1. Do any helices (runs of 4 or more DSSP H) entirely within region B:78-168 hold 2 or more residues that are away from chain A (no Cβ under 14 Å) and of a type outside the set (S, T, N, Q), and if so, which?
2. Considering only residues of region B:87-103 that are in contact with a strand residue (DSSP E or B) (Cβ under 7 Å, 6 or more places away or on another chain) and not β-branched (Val, Ile, Thr), which is surrounded by the fewest Cβ atoms within 10 Å (Cβ to Cβ)?
3. Filtering region B:214-227 down to residues that are farther than 18 Å from B:Arg195 by Cα and part of a helix (DSSP H, G or I), which residue is modelled with the highest pLDDT?
4. Tell me yes or no: at least one residue of region B:298-314 is modelled with pLDDT under 80 and within 14 Å of chain A (Cβ to nearest Cβ).
5. So, in region A:68-90, exactly how many residues are over 20 Å from the mean Cα position of the chain (by Cα) and surrounded by fewer than 16 Cβ atoms within 10 Å (Cβ to Cβ)?
6. Identify the residue in region B:131-150 that is surrounded by fewer than 17 Cβ atoms within 10 Å (Cβ to Cβ) and either touching a residue at least 40 places away in the same chain (Cβ under 8 Å) or charged (D, E, K, R) (or both) and, among all such residues, is nearest to B:Gly74 (Cα to Cα).
7. For region A:1-59, enumerate the residues that are of a type in the set (Gly, Ala, Ser) and closer than 18 Å to A:Gly245 by Cα.
Amino acid sequence: MGWLNAVVQGLLLGGLYALFATGLSLMFGVMRIVNLAHGDLAVVASFLALALVSGTGLPLWVVLVVTVPLFAVLGYLTQRALLQRSLSAGPLATLLVTFGLSIVLQNVLLEIFSADTRTLDGGSFATGSFELNGTISVGYLSLTTFLLACLALTGIQLFLSRTGLGRMLRASSDDRETANLVGADSRHVYGIATAIAFATVALAGLMFAIRSSFDPAIGPSRLIFAFEAVVIGGLGSLWGTLLGGVVLGVTQSVGAQIDPALTLLAGHLVFLAVLAFRPQGLLAGRTT
Amino acid sequence: MTISQMLTTRATAAVDVTRAARSSKLSAVALLIAVAVLTALPFLVFSTVTDTLVNLFVLVALASMWNLLAGFGGLVSVGQQAYIGIGAYSVIALADLGVQPYLAVPLAALTCAVFALPTSWPAFRLRGDYFAVGTWVIAEVYRLLVVRVDSLGGGSGKGLTGLSGIDQVLRGALTYWVALALALATIAGCYLLLRGRLGLSLMAVRDEETAASSAGIDVRRAKQVVYLVSAVGCGAAGGVITVSSLSVNPDAIFSVQWSAYMIFIVVIGGIGSIEGPLIGAVVFFGLQQLLSDYGSWYLVLLGAIGIAAALRLPRGLWGLVRDRTGLSLFPVGYFVQKRDSDVVS
C-alpha cells in the first residue's frame, strides 16, 4: 500500500520537474542553448521570494504574481544582452557563458544570504492534504503544483501552435536564416523564448522553495533533474518533457521507498538506461 | 604524368613544409631550463612555496586533459570530476591494501582507464551539449556509488594511510616531484599524441565529423582514445590531490567545481592549443593567490572573467600572443613557407 502512495507522490513531484524542465527544453529547442545556469535561476527566484516575503510582508501569492513577470523581463534582457552575443561566438561560448553565469549567481547569493539552508513558509496550504481511500494522502501543494505545470505546458503548447509569434518561434527554431528572410526578427523571437523559459523557471523555483529547503549551492543538482526530465521525455517535445518529469519523479519516489539513500541514484540510473536503449527519448518528435 | 601529379610536384617545389618555427627551438631551450629549475626547487625554497605549486601543477594537468578532450577531440565534458574522484579513491583503497601511496598514483590512473572504457559507451551516445551534462550525471552516479561503500568512508570521506612513516620535509618534496612529473607528463603526452597520426585525425573530427569519417577516419576510435587518455590524466591528478591533502571527501572530490576550473583555465588561456592551458593555469593560479582573501567574491569575479573571455577572446590569451608574435612553443600544426620568402600560413 505504501507503494501506490509512492507512485502517486512521484507522479505529483514529476509535475514540478516537468515545469522546471520546460524552460531548459524550450531554450534548447529554439536556440540550441543548454542553459547551465537554469538551476541557479530557480534558486535566485526562491531567494527573491524569500526576501520579498520577509522584507515587505506581502502574502505569498502576491510575491508569486510579481516574481514570475519580473523573471520574464529579466529573461528577455539576458537573452538580448548576453546570450545573443554568445550565440554568434560559437557553440562552446554559450555553454561557457551560462556556466559562468551559474558561478556568478551562486556566489552572489552566497554573499548576500550566506550558506544557511532556508525554507519559504507556505502556511497551512503547504502542509495540508486530503485522504484518498485511506491509504493515499495528496498534499494540496503537490496537487496545485502538478495542475500548474499542466496548465503552463498547455499554455505554451497553445502559444506555439496557435499564435503568430509562436509560429515564428517554431520557424526560427527550424531554420533561423529562412525565418529571418520571411520577416521574423530572430533576436526578438529568441528573447521571447528566453522570457517564457525564465518565467517557468521562476514559477518552478517558488514551488521548490515552498516544498523543500534550499541553499545557494543547490542549483546544479536541480539542473540535473531538469536535464534528465528533458532527455528521458525526448528533445523538442513538451508533452515528452511532462512524461520525462513524471517518470523521473516516480522513479525517485519508488527508489526512496526501497531505501532513502537510493532516491537520486535511481533517477540517474533510469536516465542512463534511457540514454543507452532509447537515446531519442520516450516521446521523440511527436509534437511541437 | 597526370595533371594531379604535375600540380603536386609544382606545389611542393614552390614551398617548404616545416613543423617547427624558428622560435620553437629557442623556446625549447627556455623550457628545458625552466623544467630544470622547477625540478631543483625543493632544494632552493621553503616548503610553503613548493606546497602551493603542487596546486598549480594539478591545475595544469587537469586543464591540459580537458583541453585535449574539448579543444582537440570536440568532446565538451562537464564530468571529468568522475575520474578525479575515482583516481583519488583508488589511491586511498590501494594504500589500504599496502601499496606505497606514491606508487599508487600511476596505478590509480590505470584504474581510471578501466572505468572509462565501459563509461564511454553510454556517454558517446550523446552529442554536443547533451554530452556535457550527460557526463555530469555519470560523475554524480559514481559519487553516489562511492558514498555507499562503507570501507571507503561513506559520505564523510577517509584519510590516506601509509605516508606517516616518511619525514615531513621529504614527503613535501616527493609530493612536489610527483605533481611536477604529472604536469610534465600530461603536456608531453598531449604534444606527442597530437603530433602523430591521431592528432591529425582528431583535428579533422573536431572541425567536421562527417567529412572526417568519409575520408576514412575511425571517428569513434579517435574519440575513445582521447577520452581514455583524459580519464587517465584526471585520475592521476586526483591521486596527486589525495597524496597532497592526505584525505579525501566525496562531495569535494566529485564536485562539479573541478570542471568549472578546467573550463575557465582553458577558455582564458586559449582552447585548442597546448600552450593555452599552461598560460590559463598560471593566470588562474595567480588570481586565486591574489584574491583568496575575498571569499566568494573571487568566484564571482572568476565567473565574470570567464563570460567576458568567452565573448571577447574566443581564442584566449594564447591566441592574442600567437597573433602578435607568431610564437609557438609546442607546434602541432605545420608551417608552409615559400622558398626564400616569408611564412605563408
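The values are calculated or read from the model by the stated rules, or taken from the named source; none is laboratory data. Values in this document were obtained by computation on a predicted structure and should not be read as measured data. A quick note on method: Cβ atoms are made from the backbone with ideal geometry, for glycine too, and the neighbour counts reach across all protein chains shown.
1. Numbers: elements: B:81-96, B:101-123, B:128-147.
Filter on region B:78-168 gives B:81-96, B:101-123.
2. The first filter runs over region B:87-103 and keeps only residues in contact with a strand residue (DSSP E or B) (Cβ under 7 Å, 6 or more places away or on another chain), leaving B:88-89, B:92.
The next check asks that each one be not β-branched (Val, Ile, Thr); those that pass are B:88-89.
Details: B:Ala88: 32, B:Tyr89: 27.
Per the stated criteria, the residue is B:Tyr89.
3. Here is the first cut: in region B:214-227, the residues farther than 18 Å from B:Arg195 by Cα are B:214-216, B:220.
Pick out the ones that are also part of a helix (DSSP H, G or I) and you get B:214, B:220.
Working: B:Ser214: 88, B:Arg220: 85.
Taking the candidates together, the pick is B:Ser214.
4. Applying the first criterion (modelled with pLDDT under 80) to region B:298-314 yields B:314.
Narrowing the set further to residues that are within 14 Å of chain A (Cβ to nearest Cβ) leaves B:314.
Looking through region B:298-314, at least one residue is modelled with pLDDT under 80 and within 14 Å of chain A (Cβ to nearest Cβ).
5. Let us first name the residues in region A:68-90 that are over 20 Å from the mean Cα position of the chain (by Cα), namely A:80-82, A:84-90.
Cutting the leftovers down to surrounded by fewer than 16 Cβ atoms within 10 Å (Cβ to Cβ) gives us A:80-81, A:88, A:90.
Total satisfying the criteria: 4.
6. From region B:131-150, those surrounded by fewer than 17 Cβ atoms within 10 Å (Cβ to Cβ) are B:145, B:148-150; that's our starting set.
Adding the requirement that they be either touching a residue at least 40 places away in the same chain (Cβ under 8 Å) or charged (D, E, K, R) (or both) leaves B:148, B:150.
Details: B:Arg148: 33, B:Asp150: 37 Å.
This residue is B:Arg148.
7. Within region A:1-59, the first condition is being of a type in the set (Gly, Ala, Ser), and the residues that meet it are A:2, A:6, A:10, A:14-15, A:18, A:21, A:23, A:25, A:29, A:37, A:39, A:42, A:45-46, A:49, A:51, A:54-55, A:57.
Correct list: A:Ala6, A:Gly10, A:Gly14, A:Gly15, A:Ala18, A:Ala21, A:Gly23, A:Ser25, A:Gly29, A:Gly39, A:Ala42.
For (1) modelled with pLDDT of 80 or more; (2) assigned to a helix (DSSP H, G or I); (3) within 25 Å of A:Pro91 (Cβ to Cβ); (4) not small (Gly, Ala, Ser), each residue gets a yes or a no:
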position: B:Val283; (1), (2), (3), (4): yes, yes, yes, yes
position: B:Leu287; (1), (2), (3), (4): yes, yes, no, yes
position: B:Ser292; (1), (2), (3), (4): no, yes, no, no
position: B:Leu317; (1), (2), (3), (4): yes, yes, yes, yes
position: B:Leu329; (1), (2), (3), (4): no, no, no, yes
position: B:Ser341; (1), (2), (3), (4): no, no, no, no
